[in-house]
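Engineer: So that we are looking at the same thing, I have put the structure below in structure tokens.
The values are calculated or read from the model by the stated rules, or taken from the named source; none is laboratory data. Everything numeric in this text was worked out from a predicted model, so none of it was measured. Neighbour counts run over all protein chains shown; Cβ positions are idealised from the backbone, glycine included. Side chains included, ligands, DNA and RNA excluded: accessible areas come from the protein's heavy atoms. Shrake-Rupley method; radii C 1.70, N 1.55, O 1.52, S 1.80 Å.
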Amino acid sequence: MPAYYKATFLKFLADDVSRIVGVLSERAAIEGHTLQHNRQTEAWRLTLDLLKAVVQDLVHESPLAAEWGLLVEYPIPRRQKRIDVVILAHSLVFCIEFKTGIGDHKVDSERQVEHYALDLRDFHAESAGRVIVPVAVTLNGRSAELGQVERTNLVRSVVRANQEDLA
């Protein structure tokens, strides 16, 4: 998968956030996004710091998770869009969209990540036959209880999370 940054959880934990932000900035510039704003860089730092904590928790709980894949800024071909984070956990694909500048969950964010998950299902050969879980993360949003998750579709219902309950 041609993400701006990719690593296993184990390699991600060993990598430096500042180096990863540099890689993301460089890849964004190569893609023609030359007006890289401080807001995007700060959003990457917040996201990566949170991901470090979440990945650490997941690997601690399940050592097998150390080999899961992590993709940051994964481009959706021919759509001119990028998914913030994709986690490849064996037969599961987590499609994660972070919103750092808003206070609570928004319907638009949930629709956005659901569309990304559908794009992976419909146009991404590597996701064929895998369960895809779209996750909308609002850092300071209200904690959302995990409701009844539809189990009949390869793309599951959108899960809401915040920085406290993402793991």
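Engineer: Taking the Cα-to-Cβ direction at Arg19 and at Asp165 and moving 7 Å from each Cα, how far apart do the two end points lie in nm?
Structural biologist: It works out to 3.5 nm between the two label points.
Engineer: Could you check the simple spin-label distance between Glu61 and Arg39, using points 7 Å along Cα→Cβ, in nm with one decimal?
Structural biologist: It works out to 3.3 nm between the two label points.
Engineer: Please list, by residue number, everything in the range 54-72 whose backbone N is under 18 Å from a paramagnetic label point 7 Å out along Cα→Cβ of His90.
Structural biologist: 58-70
Engineer: Among Val93, Phe12, Ile76, which residue has its Cα positioned farthest towards the positive end of the charge dipole of the chain, with +1 placed on the Cβ of Lys and Arg, -1 on the Cβ of Asp and Glu, and the dipole taken about the Cα centre?
Structural biologist: Result: Ile76, furthest along the dipole toward the positive end.
Engineer: Given the protein chains as shown and a 1.4 Å probe, how many square angstrom of Ser18 are accessible, to the nearest 10?
Structural biologist: Surface accessible to solvent at Ser18 totals approximately 70 Å².
Engineer: Per-residue ellipticity at 222 nm for the chain, helices alone: DSSP H runs ≥ 4 residues times -39500 (n - 2.57), over residue total, nearest 500 deg cm²/dmol?
Structural biologist: It lands at -12000 deg cm²/dmol.
Engineer: In addition: Compare Trp68, Trp44 by solvent-accessible area with a 1.4 Å probe and give them largest first, with all protein chains kept in place.
Structural biologist: Result of the area sort, largest leading: Trp68, Trp44.
Engineer: Could I ask something else about it? With all protein chains present, calculate the accessible area of Lys52 using a 1.4 Å probe and round the result to the nearest 10 Å².
Structural biologist: 40 Å²
Engineer: Next question. Starting from the 7 Å offset along Cα-to-Cβ, what nm value, one decimal, do you get for the label separation of Leu10 and Val131?
Structural biologist: Computed distance between label sites Leu10 and Val131 equals 2.5 nm.
Engineer: Can you give the extra length, in nm with one decimal, that the chain gains between Lys52 and Ile30 once fully stretched, where that is 0.36 nm per residue apart less the Cα-Cα distance?
Structural biologist: Fully extending the segment from Lys52 to Ile30 adds 5.4 nm.
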